[in-house]
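Chemist: Got a structure for you, questions after.
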């Protein structure tokens, strides 16, 4: 089984939102094989608690604006690892230390990587 077109569309929105708030090391994994209710995990790193919160909030706002329903959000208060569940897409926004410690890439290493394309228009010069 592979991720749906809707999941890929959601991934594009989330990746652009993460990039716009300084999200780093974006990795998307197609987890549709082992997980019947989720298609894609998006992993994003933020440099501080404030940055993690800003990235998570922006991703959530943009996906909601796109008409996607949030099912669950966890970790926003501490902003060390924020999980946002949009059904087909689950976003994990990590502080750098938590990303290394929990190593989700290692846990899901058998899942295919989905290319993450951040549109050139999302990159702005000041």
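Values quoted throughout were computed directly from the atomic coordinates according to the rules given, and no laboratory measurement underlies them. Keep in mind that what you see is a predicted model, and the values were worked out from it rather than measured. Neighbour counts run over all protein chains shown; Cβ positions are idealised from the backbone, glycine included.
Chemist: Working only within the stretch 61-87, note down all residues that are closer than 20 Å to residue 4 by Cβ and touching a strand residue (DSSP E or B) at 6+ places or on another chain (Cβ under 7 Å).
Modeler: 70, 71, 72, 84, 85
Chemist: Regarding residue 78, is this residue surrounded by fewer than 17 Cβ atoms within 10 Å (Cβ to Cβ), touching a helix residue (DSSP H, G or I) at 6+ places or on another chain (Cβ under 9 Å) and assigned to a helix (DSSP H, G or I)?
Modeler: no
Here's the yes/no breakdown for (1) free of Cβ contacts under 8 Å to residues at least 24 places away in the same chain; (2) surrounded by 19 or more Cβ atoms within 10 Å (Cβ to Cβ):
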| position | (1), (2) |
| --- | --- |
| 25 | no, no |
| 34 | no, no |
| 40 | no, yes |
| 45 | no, yes |
| 56 | no, yes |
| 73 | yes, no |
| 99 | no, yes |
| 106 | yes, no |
